[in-house]
Amino acid sequence: MPQIAEDPIAEQSESEKTIFDRPYITIVSGLPRSGTSMMMRMLEAGGLPALTDELRTPDDDNPNGYYEFEDVKSIEGNADWIDDAQGYSVKMVYSLLKHLPADRDYRIVFMRRDVSEILKSQKQMLERNGIETDIPDVTMKALFERELQQFYAWLPSQTHLNLINISYNELLCRPETTVDLINRHFEKSLNVAAMTALVDPTLYRHRAA
């Protein structure tokens, strides 16, 4: 768990000052395999520290790491970690966003990606781990699209969530423009050059037809 100084007025490092300058919690979310790990890494390079336990190590599917924080998964019953998350970014699957305590402010970066590409990437990851699934792609695609429709119908009433949609496909094809959109979401406080430098088109391995 990140350690935050007891006295914010005391002398602080530049990174600590940045944390206190952001009175919100940043959440990177989206469907599985939509580029959330890459976005976490980019935000970290841009100057927004990541909240992660590093329990899940890099592999062939995510060679630069997963940037996961295990406590996130238990947020429905235990949200104590939220108290230490201000000023940090944390990765959270979209279905858990409804459990975020509404007495805080959240800056959401919601990753969108062509669902056909998501299914290809997810299937390859499952195969690498020896997991077989007999659910047809058309069924999974319909499920994902229905859940996204429900999510966006619910979102307008959640005044504590300030969300920007970021296209994984656009980010890989037009990184400068997309990084500029992200930077504006954070009051132009990020290092856009460092973020853009991390966009690696070679990792775009599952393109839609």
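Computed from the coordinates by the stated procedures, all read-outs in this text should not be read as laboratory data. What you see is a predicted model, and the numbers here were worked out from it, not measured in a lab. Neighbour counts run over all protein chains shown; Cβ positions are idealised from the backbone, glycine included.
Details
- At R0 = 30 Å, FRET efficiency that the Cβ-Cβ distance of ASP114 and ASN78 yields, to 0.05: 0.30
- In this structure the amide hydrogen of ARG112, modeled in the peptide plane, comes within under 5 Å of the amide hydrogens of ILE166, SER167, TYR168, none closer than 5 places in sequence on its chain.
- In Hz, Karplus ³J(HN,Hα) per residue of the stretch 170-181 (6.51, -1.76, 1.60; θ = phi - 60°; x = Gly, Pro): 5, 4, 6, 8, 9, x, 4, 5, 6, 5, 4, 4
- Pairs of lysines in the chain (C-alpha under 13 Å apart; 8 or more residues apart or interchain): 4
- Ranked list, fewest to most other Cβ atoms within 10 Å of each Cβ, for LYS120, LYS141: LYS141, LYS120
- Computing Rg and the Kirkwood Rh from the Cα coordinates of the chain gives a ratio, Rg/Rh, of 0.96.
- Segments 42-48, 62-68, 72-78, 96-102 sorted - mean Cβ within 10 Å per residue, highest first: 42-48, 62-68, 96-102, 72-78
- Rounded to 10°, Cα long-axis angle of helix 36-45 versus longest principal axis of the chain: 30 degrees
- Among VAL93, VAL28, a tally of other beta-carbon atoms within 10 Å of each Cβ gives an order, fewest to most, of VAL93, VAL28.
- Approximate spin-label separation ASP21-LEU55, in nm, with each point projected 7 Å along Cα-to-Cβ: 3.3 nm
- For MET140 and THR202, the FRET efficiency from 1/(1 + (r/R0)^6), where r spans their Cβ atoms and R0 equals 25 Å, is about 0.45.
- Residues GLU117, GLU187, GLU170, arranged from fewest to most other Cβ atoms within 10 angstrom of their Cβ, appear as GLU187, GLU170, GLU117.
- Convex hull of Cα atoms in the stretch 144-206, direction-averaged projection (nm²): 5.6 nm²
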